[in-house]
Structures are given as C-alpha cells and as structure tokens.
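A short write-up of the structure that comes next.
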Amino acid sequence: MFAIKKIKLNYTEIIVFGTFAIIFMGGLLLSLPISSREGIPTPFSDSLFTAASAFCVTGLVIYDTYTHWSLFGQTVILLLIQIGGLGFMTVITLFSLFLRRRIGLKERRLLMESANTMKLGGIVLLVKKIIIRTAIFESIGAAVLTLSFYRQMGFKEGLYNGIFHSVSAFCNAGFDLMGKYGQNSSLTHFYDNPAVNFTVMALIVVGGLGFVVWDDIANKKLDYKHYHLHTKLVLTATLILIFGSAILFFIVERESGMAGLSLGQRLMASMFQSVTSRTAGFNTISQNGLSEGGTLLTIILMIIGGSPGSTAGGIKTTTFAVLLIGALSNAKQSTEISAFKKRLESDALKKASAITIIYMFAAISAVFLICSMQNFTLTEVMFEVFSALGTVGLSLGITSNLSLISKALIMLLMYGGKVGVLSVAMVLAERKEPAPLSRPLEKIIIG
C-alpha cells in the first residue's frame, strides 16, 4: 500500500486557497438558471468572474447587476461581498461563536493573518467587535439610504436598495442596483443628492480605515496623541489623499467630467471621485468623460488604495506612507526611519518596497498581455488593470468586451489584490532552506 502524504498548509496558504474555494462555489451558484432574471444558465466563466469581483470587493462587472441577475443571484452577490469584506475567517469565527465552539490556537493565528492585526492576544474579542461595528455601520447606512431611495422606489424596494448599497459601500465593493435608470449607470442618477453622496462616502471611508484603526479609536476616543503609530499614519494619509485629491479633481475636471455642474455639485462630485477612486468603484460622474489628468489621478489613487486590515485594496496607505518617509529619510542621509516621533521597524521599508514592486510588476505584465491580445487603448487597459488589482471596480467600459484570457487575467488580479500580492507571491515562490552561511558583502552603485 502506498502511504498518502499529509499536506500541511501554512496560515497564508489556507487563506489563499480558502478564498479561492469560496469564489469557485459562488461561481457555481451564479451559473445556475435561478440566478438570472431570464431563468437561463449564465456561462460559468462569466459567473466565476462576477463571483471573484464580488468576493474580492472589486465591482467590475460583465453584466449589469440589476438587469441580468435575479433576486437569488443578487443575494449570492451580496453574501459574497459581505464575506469578502469581513474576511472569510471572520465569518467562520462568527459561526463558531454562534455554535459555541472553542476557537483554538490555529484558528486564532489564521484570524490574525486574515484581519491583518499585529498581535495574537485578544484576536477573538477583536473579531466580535468587527462584526458588531460592521452591523452598526451598515444598518445606519441602510437606514439613511432607504430614506433617500423610497420616494422614487417605494418603501420595499427602497429598503432592499438601501441594504444592498450600504453593504456594498461599506465593503468597498461598488456593486449597484441602479440599472433601472440605465445599465451600468452606478450612482450617476443621484449625482446631486447630498444624502446619498455623503452616506456612501462615509461608509467607504470607514470601511477602508481598517479594523485595527477602529479599535484604537474606540479605545482612545479623540485622544490623538496616544493613538498607535499605525493609526496616526492611516488617518493622516487618508485625510491628505481625500482632500488633496478632491482639490485636484475640482481643478482639472471643471471643463471635462464635471462640466455643467454647479459649484456645490462640483465640490461634491470632486470629493466623491476622490473617495471612490481609492477602492470603492461607485461613480457619480462618467469615467469616460474624465480628462487625461483626471484619469491619471484616478489610476494613482487606485494604486494607493485603502488601509491594511480593511475592506479596501491597493498597496495600502501605510505602504505609500512608508515609501515616502523612507525616501525622505534617505535624502536626509538618516540611519533610521521615523514618523510622529516614533521609529519604524527595520523591515517596514523592505516589506513596503517588496509589495510595491510585485504589485507594479503584476500590473504592467497584465497591461502588456491584454494590449497584445486585444485592440483597446493603453489608457483603457491600464484603467481596467489597476482597477482590478486595487479592487476598485471603476471602468472605462471594456469589461464586457474582454476575451476569455483577458477575463482570466483580470480575475487573477482581483484575487491577488484581495488576498495581497505578497501573500500570493509567498505561496507561489519555491520554499528553500536558508543557506547556513553568510554571503560575502560587496557594494554596488544605486541611482
């Protein structure tokens, strides 16, 4: 008899493969006839793409969510968004707590990896807080959006839309049910509605801050001085990116994407574009109407994304901040990297550089391959690729025209953007035992 070798997976591999399993199951459900409005099967490749987009909280779609998918299909998409936003380990823990099962050390380590928290102690308590606070934020958002929608849709449909868009916004997914006003129109029908705009923006920002940041703010209230360095970096980078980008959009889009809008509407549209571009995927103005400068700014924001341990994608705000701080420290010939009178750990810059290099390499490779295979403009492909990898969901309208291979590439990018490009690289990389010696040192010229 042959002995069956037991496969041992590390924590990162369990998260990566577990994520893939959920996406595959979602694809199977969406391919069923019951999932489409017409009651006919949806091609599995398109169903898998939609499931990947939903679970990876991206928002890129081949079919308009409202016009193509039935109530069952929309519910599957919403569940995938919620699970993807919270993290599947968080959802598993929720069921374990509900069934009163003991959560062991292995599960706690998986939770620590999944939630991107820095310590093992108190991880189950943190998960409980994540679930409760998520429910609170999404409920408040759903209530406000329901009040905004019911005048046009009636209470029942308004409530359903309020819940769907609240969950989608908080999880930074960008899926919408506004196809009734025009396919793939997103929130353009509500471009002048302050309640919808600011509620969605608030949900996106809160969801994109990160669970660890919530906990720090909840514990220390408004005592900014005693926040953890991570929280200070996240809040500072987020505020600068939101308001700085909004000012730039307001300036460059006055005669392009926002032409014809009043001053107040331009200010609101600029703020919304600034917030949504980093990870959410909703839009109140046409992305095809953006100027070249506005398109480039949107792509840059897609690359940066939200914050670690959140529902957002991108290289993350802390990675961006560490790269800037490291560059300034190097320019000053400083021997250490510090911020807010605290010294960063020595590996922070190395990890930030690795994430950014792998991220950009994956994106540029995908852009090259898709441009080689299909007749899209470079801008359209770059926009689509960075939107997928940053789990943003904004598009210039080429998603439904992608070939099967291009769709597969975009799915891989969404997947990598969700679980983390560094995590995927670690799983794919061949593991070798470190050499039991120190290599000779030799200098090279940099720059």
### Message
Please compare each pair in LYS316/LYS350; LYS221/LYS351; LYS232/LYS351; LYS332/LYS443; LYS129/LYS341; LYS220/LYS342 to a cut-off of 23 Å on the Cα-Cα distance and tell me which ones are over it.
### Response
LYS221/LYS351; LYS129/LYS341
### Query
Using +1 on the beta carbon of Lys and Arg, -1 on that of Asp and Glu, and nothing else charged, what's the dipole of region 11-426 about the Cα centre, debye to 20?
1540
### Query
Non-local amide H neighbours of ALA339 (under 5 Å, H modeled in plane, Pro and chain starts lacking H): which ones?
LEU344
### Query
From the residues LEU369, GLY326, MET414, which one has its Cα farthest along the dipole of region 270-416 in the positive direction, the dipole being from +1 and -1 charges on Cβ of Lys/Arg and Asp/Glu about the Cα centre?
GLY326
### Message
Classify region 11-426 from the C-alpha gyration tensor, please: rounded if a/c falls under 1.5, else prolate or oblate depending on whether a/b exceeds b/c.
### Response
rounded
### Cβ-Cβ FRET estimate between GLN183 and ALA135, R0 fixed at 25 Å, reported to 0.05
0.20
### Query
Whole-Hz Karplus ³J(HN,Hα) for region 48-65, in order, using 6.51 cos²θ - 1.76 cosθ + 1.60 and θ = phi - 60°, x for Gly and Pro?
5, 4, 5, 5, 5, 5, 6, 5, 7, 6, 9, x, 6, 10, 8, 10, 5, 4
### Task
Calculate one ³J(HN,Hα) per residue across region 156-164 by plugging θ = phi - 60° into the Karplus curve 6.51 cos²θ - 1.76 cosθ + 1.60, and present them in order as whole Hz with x for glycine and proline.
4, 5, x, 5, 4, 5, x, 5, 4
### Message
If I model a spin label at LEU267 and ALA408 as a point 7 Å from the Cα along the Cα→Cβ vector, what separation in nanometres do I get?
### Response
5.1
## Note on the structure
Taking placed amide H atoms and a strict 5 Å upper bound, the residues 5 or more places from TRP69 or on another chain that come that close are ARG37
### Query
Spin-label point model (7 Å from Cα, Cβ direction): what's the LEU125 to HIS226 distance in nm?
1.6
### Message
Can you compute the FRET efficiency between LEU296 and SER353 using 1/(1 + (r/R0)^6), with r the Cβ-Cβ distance and R0 = 22 Å? Round to the nearest 0.05.
### Response
0.45
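On full extension of the chain, what length is gained from ASN219 through GLN152, given 0.36 nm per residue of separation minus the C-alpha to C-alpha distance?
In short, 20.1 nm is gained.
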### Task
Would you mind computing, in nm to one decimal, how far apart the modelled labels at SER286 and LEU441 are, each placed 7 Å from Cα along Cα→Cβ?
6.1
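Where a number appears in this text, it was derived from the coordinates with a stated rule and is not lab data. Every value quoted in this text rests on a predicted model; they were computed, and no experiment measured them. In this analysis, Cβ positions are derived from the backbone assuming ideal geometry, glycine residues included, and neighbour counts consider all displayed protein chains.
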